[in-house]
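Written below as structure tokens is the structure these notes are about.
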Amino acid sequence: MAPIIISFSVCVPGMILSEASLSFLGFGIPPPAPSWGGMLSGRSRSYFLTAPWMAIWPGLALAIVVYGINMFGDAARDLLDPRLRGGVGRYGVRVKKVK
């Protein structure tokens, strides 16, 4: 189960960023469909100086989603990895071992 979650947390952010990059360059999803990369390119670029929130919100949403999935995978690895049980790695808390 743990390798699936960790693989998910590595692959999905890469796919999201790839899709956003391709859409930004014009090779992704066609314009009527919403895409974070599409929201940052095309006709909306002409409004960035007068309405900067048109670039800030899609870019911030993209960054938060990618960061959140990475943090989820990191937390899942810390909780499920048997080599980290009882030591440093579980959110920076050191647990003393009982003899």
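None of the figures in this text is laboratory data; all of them are computed from the coordinates on show. Given the structure is predicted, the values throughout are model-derived calculations rather than measurements.
Here the Karplus relation 6.51 cos²θ - 1.76 cosθ + 1.60, evaluated at θ = phi - 60°, turns the backbone of region 63-74 into coupling constants of 5, 5, 5, 5, 5, x, 5, 5, 5, 4, x, 5 Hz, with x for every Gly and Pro. Backbone phi angles across region 49-54, fed through the Karplus curve with coefficients 6.51, -1.76 and 1.60 (θ = phi - 60°), yield HN-Hα couplings of 6, 8, 9, x, 5, 5 Hz in residue order; Gly and Pro are listed as x.
Note that region 4-13 has calculated 3J(HN,Hα) couplings of 5, 5, 5, 4, 4, 6, 8, 7, 5, x Hz, one per residue in order, obtained from phi through the Karplus relation 6.51 cos²θ - 1.76 cosθ + 1.60 (θ = phi - 60°); glycine and proline are x.
Amide H contacts of Gly28 (H built 1.01 Å from N, in plane; Pro and chain starts excluded): Ser23 sit under 5 Å, all sequence-distant by 5 or more or on other chains. What percent does the relative contact order of region 3-59 come to when contacts are Cα pairs within less than 8 Å and at least six residues apart? Answer for region 3-59 is 24 percent.
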